[in-house]
1. Percent of accessible area on the stretch A:72-224 owned by carbon and sulfur, 1.4 Å probe?
2. Within 10 Å of each Cβ of B:54-66, how many other protein chain Cβ atoms are there on average?
3. Once the mean 1/r over all distinct Cα pairs of the protein assembly as shown is inverted, what Kirkwood radius in angstroms do you read off?
4. Just tell me how shielded A:321-329 is by partners: mean number of partner chain Cβ atoms within 10 Å of each residue's Cβ, no decimals.
5. Straight-line reach from A:Lys447: which aspartates and glutamates have Cα under 15 Å away, leaving out those fewer than 8 places along the same chain?
6. Leaving out same-chain residues fewer than 8 places away, which lysines sit with a Cα under 22 Å from that of A:Lys83?
7. Compute the distance from the alpha-carbon center of the stretch A:222-255 to that of the stretch A:67-124, in whole Å.
8. What ranking do B:65-73, A:216-224, A:477-485 get when scored by the average of other Cβ atoms within 10 Å per residue, highest first?
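The values are calculated or read from the model by the stated rules, or taken from the named source; none is laboratory data. These numbers come from a predicted model, not from an experiment. Because the Cβ atoms are built from the backbone with ideal geometry, glycine has one as well, and the counts that use them run over all protein chains shown. What goes into the accessible areas is simple: the full protein's heavy atoms, side chains included, and nothing from ligands, DNA or RNA. Shrake-Rupley method; radii C 1.70, N 1.55, O 1.52, S 1.80 Å.
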Amino acid sequence: MELPLLHLALVGTPNSGKTSLFNALTGSRQKVANYPGVTVERKEGFFVTPQGRQVSVVDLPGTYSLRGRSPDEEITRDFVLGKASGETVPDLVLCVADSTNLRLTIRLLLELKRTGRPMILVLNMFDIASRRGISVDVERLAKELGVPVVTSIAVRKGGTADLLALTDEISAKLAAEPAENTWRALSVSELRATQREADRIISDCVSLPSRPDTWTARVDAIVLHPVGGLIVLALILFVMFQAVFAWAQPLMELLQSGFDALGDLVHATLPDGLVQSFLQNGVISGVGSVIVFLPQIIIIFLFILLLEDFGYMARAAFLMDRIMGGAGLHGRAFIPLLSSFACAIPGIMATRVIDNKRDRLTTILIAPLMTCSARIPVYTLIISAFIPAKDVWGFINLQGLVMFGLYATGIVSALAVSFLIKFFMLRDYAPAPFMLELPDYKMPRLKSIAIGIFTRAKMFLQRAGTTIFSMMVLIWFLASFPQPPAGATEPAIDFSLAAIIGKALEPLLAPVGFNWQIAVALIPGMAAREVAVAALGTVYAIEGGKEAAEQIGQVLATKWSLATALSMLAWYIFAPQCASTLAVIRRETGSWGWMAATFAYMLVLAYAASLLTYNVAVALGAG
Amino acid sequence: MTNTHDTRREMPLGLAQCGYTGVIQHLSAKDAGSALSDIELESRLIELGFVEGARVEILHEGLVGRDPIAVRVDNITIAVRRREAMAIIVA
Ligand SMILES: Nc1nc2c(ncn2[C@@H]2O[C@H](COP(=O)(O)OP(=O)(O)O)[C@@H](O)[C@H]2O)c(=O)[nH]1
Ligand SMILES: [Mg+2]
């Protein structure tokens, strides 16, 4: 007989090993999506029990109680209570505990019991507990709590065998109607009483560690040292930047030449015409120009997942909290902003670690101001064409200085915007207090890192295949239609809708020194900023596209004034026109409004910065 | 430490130096000046294990304003800002 799908939910405090357990149970049979309307990642996986029962399991966000003080925690509460829209009530709740640290989880479990859902207490990380000399009287604990208890080692092969067996045993005798739900939010005195009760049960059933974790204490003596800790953090960042920019480069070039070769192949095999142009320019080079960032995204997530698994992330937030607090940012915003130097998309996705809504929103809004790697081709092109490679003050290269200035302006603007948001827009939100558990250090696990990277890469590629693909088709269409009349000598793009739009936009952009060709180049730059380089090439009818970047530079140097070039650089510091960033903001904030707000404020900043730069430059004689 | 606490003066944990060890006497959210409501702050502190009788030790502190602090509460470590730690009265 085919049994119905059994629904499990993993609940527990942060760092108790829920995700590791989830990975151990489901392997790679996972689906990552978002809960409708909120930014919280929803992870569901599937497996089959030893007795052949089909099971679906959901990894819920970590929580210390069912009060639901952040969007993450609300999800957990609503899910357990069966109030989450479109979700099935879990048949069985697995309450996951870090066996070395039972106090908070046992209190959570006592609260969970009131929901009446069938439940198992999973004493995870039992290996670490045994090593530290913690012993648990499992039978007595189960009796005191009135809940079945099982030990588990999520990161060891076979470490979940007991849990699987118990799941089979319990699911066989699940009552059709579970007990009544008597849960309501606990008052302070009830919370206290529950904690007392938990502490009493623990002192009856658990003999506490004789050996605390000296390893963590020793590492923290350096890593959390007020000065030494910041130096360590700076070193880690340096290596991370080095990896993202230098190590990823060969892979990115490989991908780029792969896409170029594919484009050339299409060019050679298909007859000249619309289909050829659509495949080569619209699909392959368009989608390709985004997929080349995959190595950078993988490297960034590799670092983030490694640091997270190791337990360092909470420490980085601790070190940076006050330093970033001056600009109205939460300590936890540090890592997402850092990731945004590669690409705002993983950066914005990483804001999920921030539990306060206001702080998360501020971080999402300013993340695109961090100079992402897609701006580098544009910067490089203009700087090498217009800025002389001479030294200033004897030792600083002027081109390098301009590049540094562009990065610095981006960071300073981000901090300023965050400051303004804090003071004017989101004042009614209480600033989130910084309260964070600093978990014991753990050796990162290859398997969970691999699964984490795999799911992120898959999401990124899916997006490249859908959103970005449709964007590219649209842009290709604008740049290709209508077709030039027979015998026309001007570049085909002159006759296209893109040129019509470019010329229509020209009066708007003239005050900042942009001609219609720039306006046209900004349009394909919507899909991915660096496409603007290739677009300028097309517009100025230069053969060779991206490879001829230096040649484009020479042409630009004759066609643009220095003021126009500087204005373009200033524009690209803010560069609001990145469709994929806007799409991810829309998805992560769940709101078209915030997407529009981001676009609008960046557009205003870009325009103002260009206007200022252009006019100052013209006044100084660079026009 | 446990039997000396009644002879020591009560003070908020938020004022204690790095290296301080003591026992939580009670929570007093209204003195903390946190942006959270008193009830919310108290609930969160309890949820992180800051309950009466728990042993605390300040292990680390940040660079700017010696804030935030990393506090050992029984056998876990919690990072809090001094402002919120003002609600934790220790001795
Ligand atoms: N030694 C050991 N480490 C574990 C075990 N379960 C999880 N971990 C580690 O604990 C850390 C936190 O686990 P994670 O699954 O991310 O916790 P979550 O926050 O509850 O999802 C990771 O570094 C895991 O590798 C276990 O049973 N034994
Ligand atoms: Mg997790």
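1. On the way: 3580 of 6880 Å².
Whole-percent figure for carbon plus sulfur exposure: 52.
2. Per residue, the average neighbour count from other chains is 4.
3. 28.1
4. Mean shielding by partner chains, rounded to a whole number: 3.
5. The qualifying aspartates and glutamates are A:Glu308, A:Asp309.
6. Candidates past the 8-residue exclusion: A:Lys18, A:Lys31, A:Lys43, A:Lys113, A:Lys357.
7. Going from one Cα centre to the other spans 37 Å.
8. Numbers: B:65-73: 20.9, A:216-224: 16.4, A:477-485: 14.9.
Packing order, densest peptide first, comes out as B:65-73, A:216-224, A:477-485.
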